[in-house]
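Just below is one structure, and these are the notes that go with it.
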Amino acid sequence: MNAAAALRRPASYYNASIAVTLAPTTPLAGESRVDVCVVGGGVTGCSAALHLAERGYRVALLEAGEIGYGASGRSGGQILPGLGTDIGVVEKALGHERAKSIWEMSRESVRLTADLVRRHDIPCDLSWGYLHAAVKPRHVRELREFRDTLAERYDYPALSLLEGEALREHVVTDAYPAALYDAEGGHLHPLNYTLGLARAAQRAGVTIHEHSPVVAIQRGSPARVRTAQGMLTADHVVLAANAYLNGLVPELDGRIMRAANYIIATEPLGDDQVARVLPRNDALSDANFVLDYYRLSGDRRLIYGGEVSYDGREPRRLQARMDAKIARLFPALKGVRIDYRWGGDVAITLNRAPDFGCLDGNLFYAQGYSGHGMSLAGLAGKLLAEALAGHAERFDLFSAMPHRPFPGGRWLRTPLLVLATHFYKLRDRL
Ligand SMILES: Cc1cc2nc3c(=O)[nH]c(=O)nc-3n(C[C@H](O)[C@H](O)[C@H](O)COP(=O)(O)OP(=O)(O)OC[C@H]3O[C@@H](n4cnc5c(N)ncnc54)[C@H](O)[C@@H]3O)c2cc1C
């Protein structure tokens, strides 16, 4: 077995509760010809492959490890309208009309997720209800303004501000002065969802090669995509490698910063504990810049995420810190057993808006969801398929968003981001 074959999904709650089986895959070997080569087997790549195959393209998908090896198989599983950045950032760059179209597409991404789950019969515990919780008084003001802006300027009246008892009906803690409730947000088992998309892609005719890391792309028309043992000649390439890109296409690499984020899963909770934590089974994230987020799994474990690292090393005393946070929020869970702990990489852009585009006329990409890609990546796959088929209007709305490389070049960008994050962490405490 070579080094590439060793890329397995991490031991996680998700990996221990797989409910979708793929048709067997083999690593790419020898030379073949396809219409489209998709690089990356997360939600972006699987959705793109599926939507392209449904349009009649011959598609091969190359995944360095196993399907769902990247963020899609490790994430918090929250599926939310909106982007990783404030919609005001998009409005400032593109104007109100285009920002509104992008907001609408973010809502569409959540509906698309539900539709894919239903159409392809994906067992992934999809559930609805999301809370964006204020931690400080200034967050309450900000959430109120956000609700009003969305209702007045984005035709989105779905948000309600909950306080006091109304809030405690959703989340049983004194930690939050208020929260915005959004019935259009929800959560799912991200690995089963990703595997379900891959299975649907296989059924639509896509050939998936796991354990096939792309080592070079010879750009041109057609492009030649090489792995250690094989080569695909393709009219188009879809690059869906996100935080795991690792310098494969240098122009794109500088525009994203890789940051690790961590999650724990507790033992399954009893009825009484569920009633004293999240009685309505909502997902929640707090309003801090360096945020914590959580939800219940299908078998009612608390899946709790937070804590970042920029050097690939797990933060010190991670589990003890997570334990302490959980006990502070929910005294009913003091001493609860933690069964799993894992981390994954998020691709962050400088403005935190996703980065979509096309190089050389035939190398399409979507990356940089900035921690908010679980549903957007599914839509990205659909938009990539539309764009490749010559209907790029919707894809171009996203690709019009300007993106700059991180300052400091390859060596300084991580220290600069660490400094910026320390600043925001400090601000979160005020
Ligand atoms: C811990 C964590 C929690 C998160 N929580 C949430 C959340 O609750 N809600 C939300 O909206 N978003 C969340 N996110 C972000 C979300 O998971 C991502 O935005 C989304 O999954 C991106 O999907 P993707 O397919 O673009 O990338 P990925 O899922 O990362 O897939 C990229 C794939 O490309 C493969 N690859 C890379 N290079 C090569 C190569 N050279 N050859 C072949 N294959 C290659 C990788 O192996 C990987 O499988 C979270 C992310 C993390 C890490």
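Across region 314-330, in residue order, what do the Karplus-derived ³J(HN,Hα) couplings come to in whole Hz, using 6.51 cos²θ - 1.76 cosθ + 1.60 with θ = phi - 60° and x for Gly and Pro?
These are the phi-based 3J(HN,Hα) values: 4, x, 5, 6, 4, 5, 5, 5, 5, 3, 5, 4, 5, 5, 5, 6, 10 Hz.
Could you give the dipole magnitude of the chain about its Cα centre, charging the beta-carbon of Lys and Arg +1 and that of Asp and Glu -1, in debye to the nearest 20?
So the magnitude is around 980 debye.
For Glu104 and Asp339 in one chain, what is 0.36 nm times their gap in residues minus the Cα-Cα distance, to one decimal in nm?
80.8 nm
Please build a GNM for the chain, connecting alpha carbons under 10 Å apart, and tell me which residue among Glu54, Glu307, Glu97 fluctuates the most.
Glu97
Residue farthest toward the positive end of the dipole of the chain, with Cβ of Lys/Arg at +1 and Asp/Glu at -1: which of Leu329, Pro24, His209?
Result: Leu329, furthest along the dipole toward the positive end.
Return the FRET efficiency for the residue pair Asp174, Arg58: r is the Cβ-Cβ distance, R0 is 60 Å, and the value is rounded to the nearest 0.05.
0.55
How large, in Å, is the chain by the Kirkwood hydrodynamic radius built from its alpha-carbon pairs?
21.9
Multiplying the sequence separation of Arg8 and Ala158 by 0.36 nm and subtracting their Cα-Cα distance, what value in nm do you get?
Here the answer is 50.0 nm.
Run the reach check for Lys382 against lysines, Cα to Cα strictly under 25 Å, same-chain hits fewer than 8 apart removed. What comes back?
Lys100
For Gly371, list long-range residues whose amide hydrogen, built 1.01 Å from N in the peptide plane, is under 5 Å from its own amide hydrogen.
Ala347
Under 10 Å, Cα contacts only: if you run a Gaussian network model on the chain, which one of Ala198, Ala228, Ala347 comes out with the highest mean-square fluctuation?
Answer for the Gaussian network model of the chain: Ala228.
Please get the size of the charge dipole for region 108-253, origin at its Cα centre, with Cβ charges of +1 on Lys and Arg and -1 on Asp and Glu, quoted in debye to the nearest 20.
Here region 108-253 has a charge dipole of around 560 debye.
For the chain, with a Gaussian network of springs between Cα atoms less than 10 Å apart, report the residue from Glu63, Glu165, Glu210 with the top mean-square fluctuation.
Largest GNM mean-square fluctuation: Glu165.
As a check on your grasp of the helix formula, calculate [θ] at 222 nm for the chain: sum -39500 (n - 2.57) over DSSP H runs of n ≥ 4, divide by the residue count, round to the nearest 500.
Estimated from H runs of four or more residues: -10000 deg cm²/dmol.
Among Ala93, Ala320, Leu7, whose Cα lies farthest out toward the positive end of the dipole of the chain, if unit charges sit on the beta carbon of Lys, Arg (+1) and Asp, Glu (-1)?
Ala320
With the contact rule set at Cα under 8 Å and sequence spacing of 6 or more, what percent relative contact order holds for the chain?
25
Every read-out reported here was derived from the displayed coordinates using simple, explicitly stated rules and does not represent laboratory data. Computed from a predicted model, the values in this text were never measured in an experiment. Ideal geometry is used to build each Cβ from the backbone, glycine not excepted, and the neighbour counts take in all protein chains shown.
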